Amino acid sequence: MSADDDGFARPLAWLPVPAEEIDGLPEELDYARWDGEAEFPTDPARCAFYAVPYLKKPEVCLRPLPRMTGVRVVQTLTAGVEHMLPAVPDLPAGARLCNARGLHDTSTAELALTLILASLRGVPDFVRAQDAGEWRQGFRPALADKRVLIVGYGAIGAAIEDRLAPFECERVTRVARSARTTARGPVHAFTDLPELLPDADVVILATPLTDETRHLAGAAFLARMKDGALLVNIARGRIVDTEALLAETGSGRLRAALDVTDPEPLPAGHPLWSSPGVLITPHVGGPSSAFAPRAKKILREQLRRFADGDPVLNVVATAT
């Protein structure tokens, strides 16, 4: 559908993919593709529904918003929206910022298990041995019988627990901002962390980045972890105090598997690259073959709701 059909009569949605690649989009809307290019596809003032480009720098994603005087919905394709929150006060009153809750659960939970297993079983050492043509056997810890603590028990945290189920962990403990009860058992509050950390063999960070969680895994948090424990961060780099983590991994007391870092991207020569027992992947929890079908499903659902005048899902902030 052309953005110029019907003399601008219909609301316009900007999408980071061609509209024809998403089956079942509502015909009551017009569509334009914009994925962060220098040139805008239309006057931004025409845009009513802005689907934010994925894996683009914050300044790119934010660039059209000051000119989007008619925008009603800003839809990210990320679970975290900290890169878009600064724009909310300047959006038109009533405009809603929505995250992509559920989009990255499958892929990110899969990577969390990959990082845990690779770190525990020493896969990086085996890869280095293969590169050197050396046969290096050794005794490695298993995930079986471990006690796992999930810090941040939202959709991704629950998806991680789903994937832990077959691995015969001794215990999975859940922590979130506030305590509650789920079908799987209790969820503890962050205030319980000092008592829970010393019992965990594996600590997984899956919480959003907020003022409350920035440097949550600081010196005191890490000091409470048991000797030899593994810290896994698939959330945001700034949830961990990098200097405090380096002190613990540098001594060999803790190990870490990190899909996110602070700073990010991690520059060449940074001490995290070579710190003992640290496995790093370059923020690849979301971008996998699981992304596209789930992104299209979310966009289709949200656009249908928007076209029908129904409440959109996953609203995290509303402009006043």
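The values are calculated or read from the model by the stated rules, or taken from the named source; none is laboratory data. Please read all numbers here as calculations on a predicted model, not as lab measurements. Glycine also receives a Cβ, built like all others from the backbone with ideal geometry; neighbour counts cover every protein chain displayed.
Yes or no: the range 118-134 includes at least one residue that is touching a Phe, Trp or Tyr at 6+ places or on another chain (Cβ under 9 Å) and either among the acidic types (D, E) or surrounded by fewer than 19 Cβ atoms within 10 Å (Cβ to Cβ) (or both). Yes, the range 118-134 contains at least one residue that is touching a Phe, Trp or Tyr at 6+ places or on another chain (Cβ under 9 Å) and either among the acidic types (D, E) or surrounded by fewer than 19 Cβ atoms within 10 Å (Cβ to Cβ) (or both). Identification of helices (runs of 4 or more DSSP H) wholly contained in the range 145-242 with 1 or more residues that are small (G, A, S) yields 155-164, 219-224.
Given the structure, is A79 farther than 28 Å from T108 by Cβ and not in a helix (DSSP H, G or I)? So A79 fails the test. In the range 263-284, of all residues being within 18 Å of A112 (Cα to Cα) and under 15 Å from the mean Cα position of the chain (by Cα), the one that is surrounded by the fewest Cβ atoms within 10 Å (Cβ to Cβ) corresponds to P282. Quick check on the range 271-290. Is at least one of its residues touching a Phe, Trp or Tyr at 6+ places or on another chain (Cβ under 9 Å) and over 21 Å from A100 (Cα atoms)? Checked the range 271-290: at least one residue is touching a Phe, Trp or Tyr at 6+ places or on another chain (Cβ under 9 Å) and over 21 Å from A100 (Cα atoms). Of everything listed in (1) under 20 Å from the mean Cα position of the chain (by Cα); (2) under 21 Å from L111 (Cα atoms); (3) touching a residue at least 24 places away in the same chain (Cβ under 8 Å), the single unmet condition for R171 is (1). Residues in the range 269-305 that are more than 19 Å from L230 (Cα to Cα), touching an Asp or Glu at 6+ places or on another chain (Cβ under 9 Å) and either part of a helix (DSSP H, G or I) or not hydrophobic (A, V, I, L, M, F, W, C) (or both): S288, A292, R294, K296, R300, R304.
The single condition among (1) in contact with a helix residue (DSSP H, G or I) (Cβ under 8 Å, 6 or more places away or on another chain); (2) in contact (Cβ under 8 Å) with a residue 40 or more places away in the chain; (3) within 29 Å of D211 (Cα to Cα) that L15 does not meet is (3).
Applying a threshold of 8 Å to beta carbon distances and a minimum spacing of six or more residues, or different chains, the list of pairs starting in the range 208-231 at a residue that is modelled with pLDDT under 95 and ending at one that is of a type in the set (A, V, I, L, M, F, W, C) reads P208/A79; P208/A235; L209/A235; L209/I239; E212/F190.
Among residues belonging to the range 41-57 that are assigned to a loop (DSSP other than H, G, I, E, B) and touching a helix residue (DSSP H, G or I) at 6+ places or on another chain (Cβ under 8 Å), point out the one that is nearest to P11 (Cα to Cα). Step by step, filter the range 41-57, then rank; the result is D43.
When each of P18, P58 is tested for being surrounded by fewer than 16 Cβ atoms within 10 Å (Cβ to Cβ) and within 30 Å of L279 (Cα to Cα), the lone residue that passes is P58. Checking D262 against (1) of a type in the set (D, E); (2) out of contact with any strand residue (DSSP E or B) (no Cβ under 8 Å at 6 or more places or on another chain); (3) part of a loop (DSSP other than H, G, I, E, B), which single condition isn't satisfied? D262 satisfies every listed condition except (2). Would you pick out the residues in the range 73-114 that are of a type in the set (K, R) and either within 15 Å of the chain's Cα centre (by Cα) or under 30 Å from L164 (Cβ atoms) (or both)? R101, the sole residue that qualifies. Looking only at residues in the range 215-253 that are touching a Lys or Arg at 6+ places or on another chain (Cβ under 8 Å) and farther than 22 Å from G122 by Cβ, the one that is surrounded by the most Cβ atoms within 10 Å (Cβ to Cβ) is I239.
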